[in-house]
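Structure first, then comments.
Every number in this text was worked out from the coordinates using simple rules, so none of it is lab data. From a predicted model like this one, the values you see are computed outputs, not experimental measurements. Note that each Cβ is placed from the backbone with ideal geometry, even for glycine, and that neighbours are counted across all protein chains shown.
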Amino acid sequence: MFEIVIVRCGLTAPARLSHGYLHGRRPWISFMKFRMIWPGPEDEPARDAPVPKGTAATADDCGRVRYEQRGAEIVRREQLGNGRVKFTPVANFSARIVRDIVCDDDTEQWRNFGVEAELAGQSVAFVVPAAEFNRMNWVLRQLGPQAIIYPGQQQQARAAIQCLSGTIRQERVFAHLGWRKHGEHWMYLHAAGAIGAQGPISDFQMLLPAALHNYRVCPPADGTELMKALRTSLRFLSVAPDPVSLPLLAAAYRAPLGGVDFSLFLSGRTGTFKTALASLCQQHFGAAMDASHLPANFASTANALEELAFFAKDALLVVDDFAPTGGLGDGGLHAVAERLFRAAGNHQGRNRMGGKPRLRAPRAPRALVLATGEEVPRGHSLRARLLIINMKPGDVNREVLNECQRAGKEGLFAAAMGAYLVWIAGRYEELQEYLRQRVIELRKCGHKDSPPVHARLATTIAELQSGLEIWLQFACEIDGLRNLRSAGDGASQAPGPGIRRVCG
């Protein structure tokens, strides 16, 4: 530090300034005296402090150690020019990044960090988005009020955690359901991992919205269980008349093939078991998704439903209970339905701005949406994007319904779907080409033979019938499954009659 000693400066008599000179009597001046004193800073040790056992440290680009973990605390260590060392406390906790998690939703990627921290003898592990990690706002939320980053040390704490983390394990997680190609092979992603041509694959990690955590399918363990699962799924056709049950089962097995541009709407007044039937279809993708645990409903916002339909790729998504009341809130309810069904029908999502001034990729729905409601959403154009299935009181066979509900809870529907996915994985590209050609063929017949309807309807029916035919092809390849007459009556007829049957 510097000490400045100032001695009085003055004149012996009055004087005048003229043209920059002193005139008058001669002045006397005592000069200022400067004296430099270096006693050393109070917060510096007189010599290098010993490094405690267990201290972790890291060096900067100049080779000087920058950060250390001393016990449960983080400190910053600076090598001063005179050879001394200065220690500055950074935080009263320790933390390390142990996982660099790359999340992939099949359209874009983002990063999360898996962090392990210790405070007051307590260890905790959690995940922080990379953008939030940089701001350090996560500390109090994850560690509580005892966690302290000392004043002026916030970015030092961030840098210290990164530097002290050492080697970080990189992981890749998937943030959507449905098909992805892994090397040369196709796999179907669900909440419990993936399914390929050889069965379940365990080494895939998933990061899904909470509403999709029950999407879990598993192929049967042996042929006997497989036969039971397939026959139980076929039994669904007996729960209601063909114009109701046939398109619903077709939708369940068309959904995994992806690429649909329509939705289904199951309409009927309260008490007609709409939700019960829809939940049986949903349980083909997870036993836990019964009528009380469906993944979505119309109480959600349009943004939320569109996001769920995006993440539920190549799967059925039941959106329950479209029920206008005749009140002021009906306009908002219809707006939600309009947004969801139009986005699904047009394969278009809303463009949005990202965190930076850039345009994010739109998130178009990729699920096959099955909605239920007491009224059909209004608008001729919107209804053209729906296959509307009307239910009447007495349509549902309650005995068969109870039987199917027990089977759904036991996981038999999900087992049938799991076996179907294994079969698709071994011939995915071949089936996609077959589906495309078959839809064209059925659509031509539909336009020629069906009664006057909207042009979209023929394509919708062709898609559903093609999907069900592919599933029947799979079922017929299973040894011992021969009694497919009930399904064949509605699904494997000539294209024209099949379409007319569903249209009623």
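Okay, here's what the table says:
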{"read-out": "Full-extension gain in nm, residue 134 to residue 154, via 0.36 nm per residue minus C-alpha separation", "value": "6.2 nm"}
{"read-out": "Gain in span if fully extended, residue 99 to residue 203, counting 0.36 nm per residue against the direct Cα distance", "value": "35.8 nm"}
{"read-out": "FRET efficiency for residue 397 and residue 224, using Cβ-Cβ distance with R0 set to 22 Å, rounded to 0.05", "value": "0.25"}
{"read-out": "Approximate spin-label separation residue 86-residue 338, in nm, with each point projected 7 Å along Cα-to-Cβ", "value": "6.4"}
{"read-out": "Modelled FRET efficiency - R0 60 Å, residue 238 with residue 171, Cβ distances, 0.05 increments", "value": "0.85"}
{"read-out": "FRET efficiency estimate (nearest 0.05) - Cβ-Cβ, residue 455 to residue 476, R0 56 angstrom", "value": "0.95"}
{"read-out": "Rough spin-label spacing in nm, given labels placed 7 Å along Cα→Cβ, for residue 124 and residue 374", "value": "4.5"}
{"read-out": "Spin-label pair residue 270/residue 108, simplified geometry with 7 Å Cα→Cβ offset, distance in nm", "value": "4.2"}
{"read-out": "Those aspartates and glutamates that a straight Cα-Cα span of less than 14 Å connects to residue 444, excepting residues fewer than 8 apart in one chain", "value": "463"}
{"read-out": "Segment residue 261-residue 390, length gained on full extension (0.36 nm per residue, minus Cα span)", "value": "44.4 nm"}
